[in-house]
Amino acid sequence: MKIFTFQDSLLGKKEYKDIRLEKLREKFKSAKVSFYRAEFTNEDIFSCDCVLIRKDKLLDLIIEDMEKIESLWGRVEEKILKKVYQTLEEGKPLAGNLTEEEINQLKNYNLVTLKPIVFFKEKFLWEDIFKAMHLIFFFTANKNEARAYCVREGTDIVSCAAKIHTDLAKGFIRAEVFNCQDLDKFSNIEEARSKGLLKTVGKDYIVNDGDVINIKFKV
């Protein structure tokens, strides 16, 4: 994930030190821990997934988008352009104020405020970025490594398996899942299974934030 920001102190690749992953490492005595990493950049805003700015910078982005909309008359459906222009005139970003269909018709025109926008405060919060982008985390954990993965809300277990390795998705049979909120309720996987905290799920299962998954697959 790439995040655009004007804050020089944030530039570069940063790790999200999720405390849940630390607890997983302790529980499984993992030799290695791999936190989720995102890149913060002040270059090429259009290639970024999210924009992190101070609130007083929003007007600059809105004006930039208004100028682009003015150049689109006659090229995009007039009804949509009127709605978009009115939204911008009201000082609102386009993200969160358009339908999916409208967004799809505009996605090739480099409108900055179509991207999720998070306002930088005294101290930026990772959670604000994840919420704006509708992202959740799932994990894998064993004696070798505890690792975090980031996906959109509503992602199914097979798509999550593909994030780990394509072979896991291709040969998916089932998965064993427990959630990090139950970590303190068992000392090992066998106890989690006996207490009903470890469940077996099929390919239609939608992964929840904090799920720890173990994929069963065939080669």
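The values are calculated or read from the model by the stated rules, or taken from the named source; none is laboratory data. Bear in mind that the values here come from a model prediction, so they are computed numbers and not experimental data. Every residue, glycine among them, receives a Cβ derived from its backbone with ideal geometry; neighbour counts consider all protein chains shown.
Observations on the structure shown:
- Flag for residue 33 being surrounded by 16 or more Cβ atoms within 10 Å (Cβ to Cβ), farther than 26 Å from residue 122 by Cα, touching a residue at least 12 places away in the same chain (Cβ under 8 Å) and in contact with a Lys or Arg (Cβ under 9 Å, 6 or more places away or on another chain): yes
- Lone qualifier among 85, 109 - being touching a residue at least 24 places away in the same chain (Cβ under 8 Å), of a type in the set (Phe, Trp, Tyr), over 30 Å from residue 210 (Cα atoms) and assigned by TED's automatic domain parsing to the domain that holds residue 34: 109
- Number of residues in the stretch 148-180 that are in a helix (DSSP H, G or I) and either touching a Pro at 6+ places or on another chain (Cβ under 6 Å) or of a type in the set (Gly, Ala, Ser) (or both): the value is 4.
- Unique residue being surrounded by fewer than 16 Cβ atoms within 10 Å (Cβ to Cβ), more than 30 Å from residue 180 (Cα to Cα) and in contact (Cβ under 8 Å) with a residue 40 or more places away in the chain when the list is 92, 79, 55: 55
- Of the criteria (1) more than 30 Å from residue 184 (Cα to Cα); (2) surrounded by fewer than 16 Cβ atoms within 10 Å (Cβ to Cβ), which one residue 116 fails: (2)
- From 27, 13, residue being of a type in the set (D, E, K, R) and closer than 15 Å to residue 212 by Cα: 27
- Taken as a whole, the structure leaves residue 168 outside the set of residues that are outside the structural domain of residue 23 (by TED's automatic domain parsing), over 28 Å from residue 15 (Cα atoms) and either aliphatic (A, V, I, L, M) or in contact with a Leu (Cβ under 8 Å, 6 or more places away or on another chain) (or both).
- Condition met for residue 51 (of a type in the set (A, V, I, L, M), farther than 30 Å from residue 143 by Cα and in contact with a Phe, Trp or Tyr (Cβ under 9 Å, 6 or more places away or on another chain)): yes
- Any hit, the stretch 63-76, residues being over 30 Å from residue 149 (Cβ atoms), surrounded by 18 or more Cβ atoms within 10 Å (Cβ to Cβ) and touching a Ser or Thr at 6+ places or on another chain (Cβ under 9 Å): yes
- Filtered residues of the stretch 181-207 (kept if under 22 Å from residue 158 (Cα atoms), among the basic types (Lys, Arg) and in a loop (DSSP other than H, G, I, E, B)): 203
- A single entry from 187, 194 fulfils the requirement of being more than 22 Å from residue 25 (Cβ to Cβ), surrounded by fewer than 13 Cβ atoms within 10 Å (Cβ to Cβ) and more than 25 Å from the chain's Cα centre (by Cα): 194.
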